[in-house]
């Protein structure tokens with residue numbers, strides 16, 4: 001245990017004399033004064049440079065990234081950012097991701113902020129490390145630091161480049177023992193400041209280039225282990241036994257029902273039930289064979305077909321107006337015309353490619369957990385809470401795994417594995433089944449958007465209202481940092497901690513008399529619900545933008561304006577306007593009103609175009625969708641998507657293009673096919689037929705991504721923002737093609753046919 | 001009851017003891033042989049994450065009884081090619097930077113390699129048709145098509 005505060009003095013006493021004073025503490029750091037010791041490992045100090053990077057004798061740099069790469073290339077992009085500020089080759093960087101012993105809690109994956117928050121923090125640490133090393137070389141050579149330069153991790157004298165020393169020679173393997181100014185926050189808001197100046201974007205050599213992803217060869221050659229590939233001596237394979245009816249709990253279990261399976265055992269703790277066996281297939285057989293008497297339960301869920309009617313009539317538990325100007329009622333009263341529209345968004349499963357899987361090895365003195373959850377530090381906290389263990393005794397080893405786009409089922413599987421390993425005194429690998437992953441993962445939940453606009457005689461919009469109503473997005477927390485936030489914790493009786501959590505995407509449309517807000521309703525079931533909500537990728541994007549951006553087109557129709565012109569008239573932020581303009585230009589948008597005037601009502605197949613815009617953090621995006629609607633079959637397909645994307649500084653253009661293209665494909669599936677179904681008792685979407693996802697035949701074959709270059713602007717996020725535009729852009733395009741306004745996601749053939757028939 | 005059987009996997013013979021002849025091949029490969037390439041995605045043959053080649057043809061190992069492949073030649077992703085001797089499609093996969101998470105990769109590479117074996121110069125619609133039964137939740141579909149077309153040009 002090291003209790004010392006790191007200081008430059010200590011570092012330099014190891015290497016010579018003292019040149020640079022301690023950074024002056026600022027009020028920001030002084031005010032909070034929380035302990036800098038990581039709760040997950042007290043040896044890691046958030047105000048120490050050593051918690052962010054380390055350089056070994058060979059000049060290899062370990063970067064301690066307290067977050068993860070869910071598959072979108074952050075490992076490479078963050079490495080580029082650090083290598084840039086440190087002036088080392090990309091190949092010198094070794095990313096250490098998500099390990100709770102070696103990294104601080106920087107929030108895990110959240111809000112696509114890997115680059116914008118965590119990457120920029122690490123750049124500051126890198127700049128400080130570079131400065132210290134250069135100053136140290138200058139002191140040794142008795143020159144001014146300004147006389148030195150660095151290339152590929154080697155410091156040299158500008159006037160005599162043969163005078164040189166490598167980073168590894170100066171610091172190799174030793175700690176810096178240098179302070180950084182930490183803002184006193186863990187998780188997403190974590191940040192640091194240092195006095196070292198950052199490079200100007202004009203001097204970037206690595207940032208803005210597109211080196212290939214570090215992780216891909218391992219995946220392509222089948223070398224990459226995921227948590228499910230961890231094999232520990234004496235490890236047991238577990239399957240969780242879930243009730244057929246939500247809310248039912250095991251009353252009794254017939255042990256004889258699995259006696260014929262070698263080594264199979266039942267674990268029944270309070271309401272948690274599992275089967276385990278030394279061989280994996282035997283655990284599956286035991287799951288199928290086990291006879292359980294379940295308690296009576298009647299959740300009386302309104303089905304997925306009735307859920308929007310339920311949302312409309314349910315009691316509102318919280319109403320929050322997020323943005324308001326003028327007086328909406330006055331605007332509506334003065335309006336010559338008032339138009340309104342309602343839009344329904346369904347429930348979605350994360351439906352991850354790999355069902356939840358984790359390995360836990362819980363011992364008396366501590367636990368080691370192997371997981372691909374997107375928030376490993378919170379997973380450690382949650383396991384500590386579940387097992388009644390100090391937080392620093394739980395070591396979570398994060399590994400690459402199935403794509404994590406929100407809080408999927410990995411965190412719940414992690415909690416299951418921990419509970420079972422403790423109960424059995426052996427390492428346990430929990431693998432959720434497909435029906436369990438779709439049935440019991442935390443859900444992205446349904447909402448209804450109510451939109452209204454008042455228009456005066458001149459066609460000016462003088463009133464605008466958007467109210468989105470639905471279930472809170474946090475029936476369970478967006479991380480598994482508390483026992484109560486996990487299924488295992490709830491089955492073991494943890495006290496529930498739901499929150500009323502909702503949000504409306506910001507937009508710079510400026511209307512006189514404007515009101516934008518949300519209303520939440522109570523969850524359909526409180527404890528261990530298969531419909532419990534939490535964050536699913538872009539939690540407030542698709543559900544709300546489907547309403548707000550389709551309704552923008554409804555207003556444009558009402559005032560007989562081209563949808564692009566309409567947006568440009570009311571958007572006020574220049575970067576918003578640029579995104580809209582550029583998307584339209586790249587798509588070859590011709591100015592006219594919707595629906596298209598030449599629509600052929602006798603043809604089976606009609607085509608149309610639509611646009612949608614959004615801002616998310618400092619990412620500004622517009623998407624044009626071109627669709628083909630088959631009026632006979634009801635099939636709606638995106639034939640082309642054109643995205644203009646302004647993320648500020650671009651770290652890796654190729655990776656950015658890929659991330660945008662792939663999320664637009666995913667967003668097309670969320671728009672056209674995905675919908676979780678359930679009945680009175682339980683989720684009925686339990687496989688890839690009953691929870692349909694996009695297959696190749698309906699993937700938009702043409703996706704054009706236009707990156708808007710703004711190297712002078714801070715980098716924002718990109719991993720989920722564009723997908724939120726797909727429902728509205730496609731909905732607007734269907735209207736353009738057919739003159740029919742779709743009001744419900746997904747655009748299934750049956751729904752589309754029913755609307756076209758009206 | 002328990003019986004011994006020999007599996008030919010990636011050019012090597014492995015003898016395993018099987019309690020249940022209906023055990024899917026996936027569990028023999030992962031649990032008995034310790035091979036990590038095929039992955040459990042659905043257990044229903046619907047997604048492709050568990051795909052291996054059996055005598056050159058792509059099959060869903062999660063749904064194929066191990067007893068059915070006693071005499072067959074089984075190839076996993078790692079057996080398709082490695083860093084020293086990559087399959088052209090693996091090379092193209094890296095050049096096109098196809099994957100995100102890579103959980104689905106066994107299905108796409110094994111289906112793609114089988115397509116190229118039977119049709120070395122597929123058209124884009126033929127590639128799309130060959131991939132239509134696979135699932136990828138990261139949305140890498142178009143990139144996978146580009147990779148197959150790239151590999152076919154280099155063949």
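Scanning the range A:213-232 for residues that are buried (at least 16 other Cβ atoms within 10 Å of the Cβ) and under 23 Å from the mean Cα position of the chain (by Cα) returns A:213, A:214, A:215, A:216, A:219, A:224, A:226, A:227, A:228. Exactly one residue among A:312, A:319 is under 30 Å from residue A:558 (Cα atoms), more than 14 Å from chain B (Cβ to nearest Cβ), part of a strand (DSSP E or B) and touching a strand residue (DSSP E or B) at 6+ places or on another chain (Cβ under 8 Å), and that residue is A:319. Could you identify the single residue in A:297, A:252, A:257 that is more than 14 Å from chain B (Cβ to nearest Cβ), farther than 30 Å from residue A:73 by Cβ and part of a helix (DSSP H, G or I)? On inspection, the qualifying residue turns out to be A:257. Within the range A:53-86, restricting attention to residues that are in a loop (DSSP other than H, G, I, E, B) and crowded, with 24+ Cβ neighbours inside 10 Å, the residue that is nearest to the other protein chains (Cβ to nearest Cβ) is A:71. Within the range B:121-137, does at least one residue satisfy the condition of being crowded, with 24+ Cβ neighbours inside 10 Å, more than 7 Å from chain A (Cβ to nearest Cβ) and assigned to a helix (DSSP H, G or I)? No, the conditions are met nowhere in the range B:121-137. Only one of the listed residues (A:382, A:331, A:401) is part of a loop (DSSP other than H, G, I, E, B) and crowded, with 24+ Cβ neighbours inside 10 Å. That residue is A:401.
With respect to the numbered conditions (1) in contact (Cβ under 8 Å) with a residue 60 or more places away in the chain; (2) in contact with a strand residue (DSSP E or B) (Cβ under 6 Å, 6 or more places away or on another chain), which one is the sole condition not fulfilled by residue A:475? If we test residue A:475 against (1) in contact (Cβ under 8 Å) with a residue 60 or more places away in the chain; (2) in contact with a strand residue (DSSP E or B) (Cβ under 6 Å, 6 or more places away or on another chain), just (1) comes out false. Tell me whether the range A:413-421 contains one or more residues that are more than 12 Å from chain B (Cβ to nearest Cβ), assigned to a loop (DSSP other than H, G, I, E, B) and at pLDDT 95 or above. There is no residue in the range A:413-421 that is more than 12 Å from chain B (Cβ to nearest Cβ), assigned to a loop (DSSP other than H, G, I, E, B) and at pLDDT 95 or above. Summed over the range A:260-294, residues that are outside any helix (DSSP H, G or I) and within 12 Å of chain B (Cβ to nearest Cβ) total 8. Of all residues in the range A:499-543, those that are within 28 Å of residue A:299 (Cβ to Cβ) and within 20 Å of the chain's Cα centre (by Cα) total 16. Here residue A:387 clears all of (1) in contact with a helix residue (DSSP H, G or I) (Cβ under 6 Å, 6 or more places away or on another chain); (2) crowded, with 21+ Cβ neighbours inside 10 Å; (3) in contact (Cβ under 8 Å) with a residue 24 or more places away in the chain except the condition numbered (2). If you check A:173, A:187 for being more than 14 Å from chain B (Cβ to nearest Cβ), on the phi > 0 side of the Ramachandran plot and exposed (fewer than 15 other Cβ atoms within 10 Å of the Cβ), only one passes: A:173. Taken together, A:529, A:594, A:548 contain a single residue that is closer than 25 Å to residue A:746 by Cβ and in contact with a helix residue (DSSP H, G or I) (Cβ under 7 Å, 6 or more places away or on another chain), which is A:594.
Restrict the check to the range A:197-205 and report whether at least one residue is touching a residue at least 24 places away in the same chain (Cβ under 8 Å) and either within 27 Å of residue A:400 (Cβ to Cβ) or within 14 Å of chain B (Cβ to nearest Cβ) (or both). There is no residue in the range A:197-205 that is touching a residue at least 24 places away in the same chain (Cβ under 8 Å) and either within 27 Å of residue A:400 (Cβ to Cβ) or within 14 Å of chain B (Cβ to nearest Cβ) (or both). Evaluating residue A:129 against the criteria (1) modelled with pLDDT of 95 or more; (2) within 30 Å of residue A:37 (Cβ to Cβ); (3) assigned to a loop (DSSP other than H, G, I, E, B) leaves one unmet condition, (3). For the range A:630-658, a tally of residues being within 12 Å of chain B (Cβ to nearest Cβ), crowded, with 20+ Cβ neighbours inside 10 Å and not in a strand (DSSP E or B) returns 5. Entry remark, the range A:225-245: residues being in a loop (DSSP other than H, G, I, E, B), touching a strand residue (DSSP E or B) at 6+ places or on another chain (Cβ under 6 Å) and either closer than 12 Å to residue A:266 by Cα or facing another protein chain (nearest Cβ under 8 Å) (or both) number 1 in total. Of all residues in the range A:659-696, those being within 12 Å of chain B (Cβ to nearest Cβ), in contact with a helix residue (DSSP H, G or I) (Cβ under 7 Å, 6 or more places away or on another chain) and within 26 Å of residue B:143 (Cα to Cα) number 14.
The values are calculated or read from the model by the stated rules, or taken from the named source; none is laboratory data. This structure is a prediction, so every number in the text was calculated from the model and none was measured. Every residue, glycine among them, receives a Cβ derived from its backbone with ideal geometry; neighbour counts consider all protein chains shown.
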